[in-house]
Amino acid sequence: MKKVNIAFGSLLIGGILLSGCAPDESEVKTQATVENEVVEVDEDHVDLKSWNIEVSEYSSLEKFMTDLSENWKEDSEYRKSYPLAESILSESTISYINYFEDEIAEKGLNKDFDELQLLAYEVVQNQEENDYEEHVKRFEEKIKEILTKMDRDDAKRYGSIGEWATALNDILSKPLNDPKLKETNNDEGFEYYLKAQRVMERFPVQLMDEGSEVEKIHSKVFSLSSQIIHGQFVRTAHLGGEGQAKEATELSDKWKPTDEEMRNAFKELKQVVNDLANKPH
């Protein structure tokens, strides 16, 4: 296996700050099975779990994976803008997998993302090797496999509106364990914003029929969630960036205070979901 020295420190890529550091211990090699093949990771050169993201442009694992898939395509605008796109995307994949470890665990996809992380490392490590395209192909196939699993799991996650309400009621009622929220010192409005996003992202749209009770529920929670998301935009609009500041956690000390309108919208959303969760089905 070819060894390369990854340039550690900080790397700013398309608004994403990645950082990594190699351990000081003597050289140690670990092995992991990826698609029935053993891949060695030389921890003296790179410790994959130490790669971190200090500033993230993605609020969810789904958004990251969707963008990764689109940007990786041969004709993508990303490739046109960045000649080293494959290397940049592979390195960011390693770091984002660590960043979204809680969401990955929640979805039960730890093994798949461990494999993707190792495959991403292999792409970075073997760029000058004759079998480089094979590493790229395996990485691409794993991305597609994971996205398929995520789509299938989301569609089947909730078999009824009651199951959805029970799961989301738990999320809305408890403190949110989200890295981006921690970056804001648990900002109240930002927590409402992140929770509202989860309500919208996880709604079982496959259960909807025009005029059905589920369709009416969707309309209600969509309206309330949209109010909350708009509220976060209002809090951050003065910082510019065409709305991008609403997730710019590094600017959270400059956000406006959470207003009563946003607070009341979240309170109503929480009550709607709680009532559904406790309603006999």
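Trypsin sites (Lys or Arg not before Pro), restricted to region 69-171: which are DSSP loop and have at most 15 other Cβ atoms within 10 Å?
Here the trypsin sites (Lys or Arg not before Pro) that fit, given the DSSP loop and packing criteria, are Lys73, Arg157.
Report the relative contact order of region 57-176, percent, no decimals, based on alpha-carbon pairs under 8 angstrom and at least 6 residues apart.
Result for region 57-176 is 21 percent.
Determine the sum of side-chain charges near Phe190: Lys and Arg each +1, Asp and Glu each -1, restricted to other residues whose C-beta is under 10 angstrom from that of Phe190.
With Lys, Arg at +1 and Asp, Glu at -1, the net is -2.
Can you figure out the FRET efficiency of Asn177 with Asn130, using R₀ = 51 Å and their beta-carbon distance, to the nearest 0.05?
With a Förster radius of 51 Å, E is 0.70.
What does the net charge come to around Tyr58 if you take all other residues with beta carbon closer than 11 Å to its beta carbon, with K and R at +1 and D and E at -1?
Residues near Tyr58 contribute -3 overall.
Where the accessible area of region 121-204 is counted over protein heavy atoms with a 1.4 Å probe, how much of it, in %, is carbon and sulfur?
Answer for region 121-204: carbon and sulfur cover 44 percent of the accessible area.
Long-range amide H contacts for Thr258: which residues qualify at under 5 Å (H placed 1.01 Å from N, peptide plane, sequence gap of 5 or more or a different chain)?
Sorted by chain and number, the residues that satisfy this are Gly189.
Fully extended, how many nm does the chain gain between Glu101 and Tyr78 (0.36 nm per residue separation, minus their Cα-Cα distance)?
Taking 0.36 nm per residue and subtracting the Cα distance, the gain is 5.7 nm.
Mind giving me the nanometre distance, one decimal, between the label points for Val205 and Ser69, set 7 Å out from Cα along Cα→Cβ?
About 1.4 nm, to one decimal.
Rounded, prolate or oblate: which one fits region 116-205, using the alpha carbon gyration tensor with axes a ≥ b ≥ c (rounded when a/c is under 1.5, else prolate when a/b beats b/c, else oblate)?
It comes out oblate by the Cα gyration axes.
What number, in percent, do you get for the relative contact order of region 160-281 if the mean sequence gap of Cα pairs under 8 Å and at least 6 apart is divided by its residue count?
Relative contact order for region 160-281 comes out at 40 percent.
Counting every Cα pair in region 212-263, what percent are over 16 Å apart?
Percent of Cα pairs beyond 16 Å in region 212-263: 47.
Tell me whether region 62-187 comes out rounded, prolate or oblate; compute the Cα gyration tensor, take square roots of the eigenvalues as a ≥ b ≥ c, and use a/c under 1.5 as the rounded threshold.
Judged from the Cα gyration tensor, region 62-187 comes out prolate (a/c at least 1.5, a/b above b/c).
The values are calculated or read from the model by the stated rules, or taken from the named source; none is laboratory data. Note that the structure is a prediction, hence the values are computed from the model and not measured. Glycine also receives a Cβ, built like all others from the backbone with ideal geometry; neighbour counts cover every protein chain displayed. Note: accessible area is taken over every heavy atom of the protein model, side chains too, but ligands, DNA and RNA are not part of it. Shrake-Rupley method; radii C 1.70, N 1.55, O 1.52, S 1.80 Å.
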